[in-house]
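Just so you know, all these numbers are worked out from the coordinates, no wet-lab data involved. On a predicted model such as this, the values are computed, not experimentally measured, just so you know. Using ideal geometry, Cβ is built from the backbone for each residue, glycine included, and neighbour counts are taken over all protein chains shown.
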Amino acid sequence: MQPSRLDFRVEALASGSRARAATFRTLHSEVRTPLFMPVGTQATVKAQLTRTLEEAGSQILLANTYHLLLRPGPEVFRRMGGIHGFMSWKRSVLTDSGGFQIFSLPHSRAMSEDGAVFQSYLDGRTILLSPEVSIETQKAIGSDIMMALDQCIPSTADEATARAAMELTHRWAARSLAARGDSPQSMFAIVQGALFPELRRESAEALSAMPFDGFAIGGLAVGESKTEREDMCEFTAQLLPEDRPRYLMGVGTPLDILEAVHRGVDMFDCIIPTQVAQRGAVFTSRGYLQMRRGVYKFADEPLDPACSCPVCTRYSRAYLHHLAKTGETLGWQLLGKHNIHFYHQLMRDIRESIFADRFLDLYREKRAFLHESDADNPIHEQKPRRKKKLTLGDYAVHGAAEGFASIRQVTSGEIMHPRARPEEEARRLYVEQSHLGERLHTEPLVLWDVGLGAAANAMAAVREYEAQAALRSVSPLRIVSFENDLDSLRLAFLHNDKFPYLRHSGPPAILESGEWQSRQLPGLSWTLVTGDFLETMATAPPPDIIFYDLFSSQSHAAAWTCEAFRRLFAACQNRPSELYTYTFSTAARAALLGAGFYVAKGQSTDDRAETTIALTPAALRGTPARRHELLSDDWLQKWERSSAKYPADVAPADQPAFEQMIRTHPQFRGA
């Protein structure tokens with residue numbers, strides 16, 4: 001194997017453990033391991049100054065190639081002389097290749113041997129992220145360590161899928177090396193293979209034969225259990241060359257890092273320190289603290305008595321509690337500052353213990369508290385309350401055999417989300433299909449949640465907004481829910497132990513006042529419109545996205561008529577509006593076509609072969625329409641033969657005219 005460009009040197013090994021301490025040198029600084037790298041996806045660590053990061057002891061910052069490719073773009077870095085001067089950071093930078101975005105945006109890209117074709121969330125343009133594009137972008141950014149492009153898949157994938165992704169990763173690794181050329185930047189390869197030991201062995205052997213300067217363990221923390229992750233991490237780490245750094249990507253909590261160091265890993269990155277800080281949480285020597293808890297309201301002691309960071313030496317728990325409760329940005333900044341300091345101090349303690357050959361003692365000591373909640377103010381389990389009624393009005397809690405709860409309407413017998421957890425089905429059927437997460441970064445949106453029910457769909461949208469806002473800036477989202485009977489939501493909220501997605505400030509505000517405004521995210525609001533949807537829709541702003549989730553035509557026929565969809569089409573006011581619904585009934589699709597919509601096939605669910613997407617003409621002309629498979633002449637032929645081809649409001653005398661309307665719809669015959 002060729003010498004490493006990093007001059008990596010193992011300086012100490014721990015007795016009874018695979019933990020090791022090492023030193024290497026990048027183009028900008030000397031680096032001591034084990035180390036944690038704060039994540040600065042878009043050339044900034046959330047709410048932190050580079051000076052703060054230097055003071056905390058950050059040695060390497062991680063930035064993301066995919067996001068920096070889109071904005072500000074490689075040419076900016078070329079003109080500015082690279083990322084170090086651009087963000088005023090004198091120490092080292094590692095750039096991820098964009099491979100994780102291939103994994104995390106599965107509905108917004110197309111895969112091939114060449115690479116992944118994305119649509120930019122900024123302007124909709126099509127981009128090929130190939131190994132060559134990734135490396136050229138990383139060269140322009142000027143990072144000290146570049147990552148070879150890989151294909152990341154869920155760790156729980158089957159063996160055939162895992163093998164195909166691994167072999168593609170190997171071919172891309174070779175292309176990445178070739179694209180580096182004579183650049184002095186270092187490059188790491190990424191070992192894949194999901195949870196299959198032989199694939200991991202094969203991947204490590206293939207990549208170790210190439211002249212990489214270090215190796216990452218990829219494809220973990222993406223679906224597997226904690227035990228599976230730790231076992232596969234240990235297995236893979238021992239396969240990697242001893243004279244190269246080992247990097248576990250995307251992991252994790254302080255305890256996760258301690259366990260991985262014990263198994264022979266040198267480098268880590270994760271968004272957790274700033275992400276949990278935004279939610280009011282911190283890691284301390286007294287355990288994991290949630291600063292929004294009322295127990296800290298009058299607490300004048302330091303955040304962590306064993307910590308010497310500027311936050312702990314200057315501010316009281318009471319003040320930090322106040323900032324967290326009021327949603328002040330300063331609270332996020334200070335708690336994040338402490339968390340990053342805590343992570344770096346943990347790494348320093350680990351390194352010192354390895355040199356002193358007392359790592360196992362420190363491992364046992366730290367392991368005992370790193371996963372615990374506040375040791376001084378434990379959260380006590382509440383005494384069992386009286387059993388709550390499982391019915392309210394026309395609704396009942398329905399317990400499914402699969403181990404989750406749904407809401408059933410007693411009179412019709414219909415069950416909301418009968419085959420999957422409500423929050424999961426809402427995410428897959430509505431949030432992911434509508435590409436809501438991607439669109440939140442490009443345009444202000446009005447989302448109609450037609451049929452609030454137990455609020456699974458609305459809360460899926462709220463959670464997606466909060467998740468995207470934690471990554472980068474988002475545009476405003478206004479959710480408008482329509483419902484004529486709130487008993488289903490009241491019942492679910494009463495049993496929020498069975499409906500955990502309702503443990504949020506939004507649902508109680510909707511039940512109490514019909515309005516909710518996020519305090520942490522000013523662009524996110526939620527409004528309830530009560531009454532019959534067809535009568536009240538005119539009072540709401542026109543929609544960009546519609547989640548149409550009313551009960552079926554068997555019990556609520558009026559909601560699925562041609563007249564209902566005509567009025568909905570008119571309410572869109574010629575906007576590029578998109579409608580998503582669970583049904584794929586012939587009559588419902590015909591009603592949508594008759595109302596003027598274009599109709600496409602939606603993805604399958606656990607109990608449906610397809611769902612349905614409807615687009616206004618303006619939406620059809622827009623970029624998102626290219627992702628949808630419009631109903632074709634094949635469907636039209638099936639409709640001609642169907643015994644349920646007419647919506648309920650099409651009278652026999654009107655059927656010939658309706659048939660002609662469907663047959664001549666511009667969606668068919670190539671028009």
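What the table below lists for this structure:
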quantity: Karplus 3J(HN,Hα) series, Hz, for the range 9-23 with 6.51 cos²θ - 1.76 cosθ + 1.60 (x for Gly, Pro); calculated: 10, 6, 9, 7, 10, 8, 6, x, 8, 8, 4, 8, 10, 9, 9
quantity: Nearest 10 degrees, 0 to 90: helix 131-141 Cα axis against the chain principal axis; calculated: 60 degrees
quantity: Sequence-distant residues sharing a close amide H with Asn484 (under 5 Å, placed H); calculated: Gly531
quantity: Degrees separating the helix 329-355 axis from the principal Cα axis of the chain, which is the longest one; calculated: 40 degrees
quantity: Cut-off under 5 Å, modelled amide H: who pairs with Arg18 long-range; calculated: Gly264
quantity: Three-way shape label, the range 422-663, alpha-carbon gyration tensor, a/c 1.5; calculated: prolate
quantity: Residues of the range 536-552 with amide N under 19 Å of the 7 Å Cα→Cβ point at Gln573; calculated: 536-547
quantity: Cβ-Cβ FRET estimate between Ala356 and Leu330, R0 fixed at 35 Å, reported to 0.05; calculated: 0.35
quantity: For Met37, residues with placed amide H under 5 Å, excluding near neighbours; calculated: Phe268, Asp269, Cys270
quantity: Cα-only Debye scattering, the chain: base-10 log of I(q)/I(0) at q = 0.07, 0.09, 0.10, 0.12 Å⁻¹; calculated: -0.54, -0.87, -1.04, -1.35
quantity: Rounded to whole Hz, the Karplus (6.51, -1.76, 1.60) HN-Hα couplings of the range 448-455, x for glycine and proline; calculated: 8, 9, 8, x, 4, x, 8, 6
quantity: The chain - share of DSSP beta bridges that are antiparallel (%, nearest 5); calculated: 50 percent
quantity: Mean separation of Cα contacts under 8 Å (6+ apart) over length of the chain, as relative contact order %; calculated: 9 percent
quantity: Length-normalised contact order for the range 482-550 - Cα pairs under 8 Å, 6+ apart - percent; calculated: 33 percent
quantity: The range 516-665, relative contact order [Cα under 8 Å, separation at least 6], %; calculated: 21 percent
quantity: Rounded tilt (10° steps) of 226-237 against the dominant C-alpha axis of the chain; calculated: 50 degrees
quantity: Efficiency of FRET between Glu640 and Gln238 - r from beta-carbon atoms, R0 56 angstrom, step 0.05; calculated: 0.30
quantity: Filter on Lys389/Lys498; Lys139/Lys226; Lys337/Lys366; Lys226/Lys297 - keep pairs with C-alpha separation over 24 Å; calculated: Lys139/Lys226; Lys226/Lys297
quantity: Within the chain, helix-based [θ] at 222 nm, where runs of 4 or more DSSP H residues each add -39,500 (n - 2.57), nearest 500; calculated: -10500 deg cm²/dmol
quantity: Projected label distance in nm at Glu55 and Ala375, using a 7 Å step from Cα toward the beta-carbon; calculated: 2.7 nm
quantity: Cα-projected label distance for Thr539 with Arg364, points at 7 Å along beta-carbon direction, nm; calculated: 6.7 nm
